């Protein structure tokens, strides 16, 4: 302890140094707490951004899957439309109308070894499936949406492949002048604004008189 001659106050030098050291340590601790707080805040922010990004990605994937499902339904409906029209008696008995299979039979057969049936072939039999369904007695060729929500188009392309003996048929058919005429039917569905078309293809064999060789 020493006397401060200017103020006549006794000062404890050791105590003053201790207080000064404690204050500096407290300041350092405050700085360290601030750093940890900022790190925790940064971690929470990163986790939040990751959660939001994951949620948005899942939403986009769900939307994309739903859109593909709608387009696939449209493609399946287009195939069903060809089958329906080809079995429509009111068309089959009307000499002024042709069903899609009979129409495709009159066209050049498709050679699957060198080409594929496309949704955009212009020289194949086409039909359109609309939201009006499949009324009897008409050729379904008028362009219209299959669905308005979301806007979706549905159409088909049909091609004749070949004529062949009916496999697995009875002896009666096998020994007669009846052959199997084989067709390829491709159903197509596309949503408005989409860059891709969803398609499905089936082959169909129909009993018909054998062609003269």
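Of all the residues in the stretch 126-136, those that are closer than 28 Å to residue 110 by Cα and either in contact with a strand residue (DSSP E or B) (Cβ under 8 Å, 6 or more places away or on another chain) or at pLDDT 90 or above (or both) number 5.
Any residue that is farther than 20 Å from residue 83 by Cα, at pLDDT 90 or above and in the same structural domain as residue 86 (by TED's automatic domain parsing) - is there at least one of those in the stretch 149-168? Yes, there is a match, as at least one residue in the stretch 149-168 is farther than 20 Å from residue 83 by Cα, at pLDDT 90 or above and in the same structural domain as residue 86 (by TED's automatic domain parsing).
Filtered by the rule that a residue be in a loop (DSSP other than H, G, I, E, B) and either touching a residue at least 40 places away in the same chain (Cβ under 8 Å) or at positive phi (or both), the stretch 121-137 gives 134, 136, 137.
Among the numbered conditions (1) at pLDDT below 90; (2) farther than 22 Å from residue 111 by Cβ, the only one that residue 179 does not meet is (2).
Listed by first and then second residue, the pairs linking a residue in the stretch 78-91 that is closer than 14 Å to residue 202 by Cβ to a residue that is part of a helix (DSSP H, G or I), with Cβ atoms under 7 Å apart and 6 or more places separating them unless they lie on different chains, are 82/100; 86/100; 86/101.
Quick check on this structure: which one of 36, 84 is out of contact with any strand residue (DSSP E or B) (no Cβ under 8 Å at 6 or more places or on another chain) and modelled with pLDDT of 90 or more? Break it down stepwise before answering.
On the way: 36 fails: modelled with pLDDT of 90 or more.
After applying the criteria, what remains is 84.
In the stretch 192-202 there is no residue matching the filter, namely being more than 25 Å from the chain's Cα centre (by Cα), closer than 20 Å to residue 87 by Cα and in the same structural domain as residue 87 (by TED's automatic domain parsing).
The values are calculated or read from the model by the stated rules, or taken from the named source; none is laboratory data. Since the model is a prediction, treat every value here as computed from it, not as a measurement. Cβ coordinates were reconstructed from backbone atoms using ideal geometry, including for glycine residues, and neighbour counts include every protein chain displayed.
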